[in-house]
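*Asks:* There's a structure below that I have some questions on.
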Amino acid sequence: MAITTAGEVMPAALLNDVVPGYVDYNGRPSIRSKSGLWKSASFIAGAGTAERFCYYGISSNLVSYLTGELGQSTAAAAANLNAWNGTAALSPILGALLADSLLGRFRMIVFSSMLYILGLCLLTLSSAIISLSSTSCKNNENNNDTSSCYPSEIQTIFFFCCWYVVAFAQGGHKPCLQAFGTDQFDVRDDEENAAKSSFFNWWFITTCLGGVLALSVVTYIQDNLSWVIGFGIPTVAMLFSLLLFCIGSLRYRFSTERKRKNQRHPFLRMFRVFVQKRKPSHLEVLLPVSEEDPEEVKAIMVRLVPIWCTSLGYAIVYAQPLTLFTKQAATMDRRIGPSFEIPAASFIICIALSDMLFVSIYDRVFVPIASSITKKPSGISIFQRIGVGQLLSLLSIVFAAVVETRRLRTAREHGLVDRPDAMIPMSVWWLAPQYMLFGISDVFGMIGLQEFFYDQAPSELKSTGLALYLSIIGVGNLASGFLVSVIQNATSGDGAGGWFSDNLNRAHLDYFYWLLAGISAVSLVGYVYFAKCIKDANQ
């Protein structure tokens, strides 16, 4: 018989099966054979799949909603969508800090899920109000100008408020759910640690599955049936996500790192780096610190900040498929057969499908082959994986520029320059390579960044580490929106439509894509330099 750290008497054989640093839902020591691993992770991955279904169900086609139902210009819609995506990707920093320091990941996931559901319900209500008022306006016999039947300012403000509730709800949900999934694997056990590395790949597949389902079903409903139903379906899916997550709580492992005695709030500990220590102060009394703490945080930041900064070019390109790629596809021939037409937003499914296919190839084929050559368990290093992802992202935006140049030439050849609503006789499948290259770049770059920021963060700051990775995407979206606004203002003077004219046949998305290619190339060069410096410093 033996006594656990919780004071419980437990047989020695069972004690050997205890996972150090983890408890079950009753607060008792977590038993390795009865908790965690893939059975627990499957509930979390299922909840993540449902959440991604919700996210893509409302975000993938919003550029069409903003330009159609709300009557915004292409440039304004792209900027607004980039700002929302940026907020959704930056808010996890606050959510992760609150989870790691106060609430814990499980409570934060439950709370943010309920906020998510509230936001989706309000978003559905908002779309219903806008739809009713628009229909009433168009049916008015005295109204000969149906183009004026756009929502009022109050209705638009209400929509944006509901929309941003969803963005902030992601702040607590996305980083904590993935970090909680990795908590189900004990990194001190060799087999479980290997499974944890594989979890990042399979997590990516399940979240892509949610995107595929949303792009296949929800966008078609939004374009052909009703936006109200199109927003209502993600609401139901998020309810299912919360229910599935809670059902799995009987098998989860809960980390006790946050509850250790004398542990201070992690984000306050990081803040201590910036505290002057020349003389005692009120703040220092509240935040006692050892001499090693600032050096530890400084070492972490020296590794993270250069990679964060040099990944921004990759993140700016990442913002394009949900905005400009979709508008590009909307002008092209999307017909399959005599009557069916693929919704423009659904073409993003090429990214998700290439993600799912290549993650499987990467995990089951590429890693074993590369491992036999490099003698590394992961096949290639994390730095190499991120670098390959950035290179493929650069190639995807170069291909997008080439295809857009051809699309504009085709419009000129067929006299469609001043007919923005006419279908250009060029198959939408010309866009497939840029979407697929973009998806494969995710398998290398996106998953590599996730694993890098997770591994570099201390054990009690894993959610914050993932939030820092998400902040790259957030700042990239905001930077993309900023570039769109600045360039449009600079190029639309003297009556010109500018690079982002509502008439895409007179716009110059190709110029913008070439600009992004240049930014990506500079970022890639900077990344290679700093990755080499960090690698050399660690040797």
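Laboratory data are not the source of any read-out in this text; all were calculated from the coordinates shown. It should be emphasised that the depicted structure is a prediction, and the values quoted were computed from it without experimental measurement. Cβ coordinates were reconstructed from backbone atoms using ideal geometry, including for glycine residues, and neighbour counts include every protein chain displayed.
*Asks:* Using a 7 Å offset from the Cα along the Cα-to-Cβ direction at both I373 and L132, what is the distance between the two label points in nm, to one decimal?
*Replies:* Between I373 and L132, the label points sit 6.3 nm apart.
*Asks:* Next up: If you wrap region 441-539's Cα atoms in a convex hull and average its projection over all directions, what's the area in nm²?
*Replies:* Projected area, direction-averaged: 8.4 nm².
*Asks:* Can I ask one more? Pull up all non-local amide H partners of S30: gap of 5 or more, or a different chain, and H-to-H distance under 5 Å with H placed in the peptide plane.
*Replies:* V19, Y22, V23, D24
*Asks:* Determine the dipole magnitude for region 447-535: charges of +1 sit on the beta-carbon of Lys and Arg, -1 on that of Asp and Glu, nothing else is charged, the reference point is the Cα centre, and the result goes in debye to the nearest 20.
*Replies:* Dipole size: approximately 220 debye.
*Asks:* Which distance in nm do the two modelled labels at Y25 and R107 give, with both placed 7 Å along the Cα-to-Cβ direction?
*Replies:* If labels sit at Y25 and R107, their model points lie 1.8 nm apart.
*Asks:* Arrange L70, L250 by Cβ neighbour counts within 10 Å, fewest through most, would you?
*Replies:* L250, L70
*Asks:* Mind sorting D510, D502, D100 by how few other Cβ atoms lie within 10 Å of their own Cβ, fewest first?
*Replies:* The most exposed by this proxy come first: D502, D510, D100.
*Asks:* Between V528 and R188, what FRET efficiency follows from the Cβ-Cβ distance if R0 is 51 Å, with the result rounded to 0.05?
*Replies:* Plugging the Cβ-Cβ distance into 1/(1 + (r/R0)^6) gives 0.95.
*Asks:* Can you compute the modelled spin-label distance between V365 and K535, with each label point 7 Å from Cα toward Cβ, in nm?
*Replies:* 2.5 nm
*Asks:* Taking R0 as 41 Å, what's the FRET efficiency between I336 and S198 from their Cβ-Cβ distance, rounded to 0.05?
*Replies:* 0.70
*Asks:* I've got another one for you. Provide E451, E413, E192, E51 in ascending order of the number of other Cβ atoms located within 10 Å of each residue's Cβ, fewest first.
*Replies:* E413, E192, E451, E51
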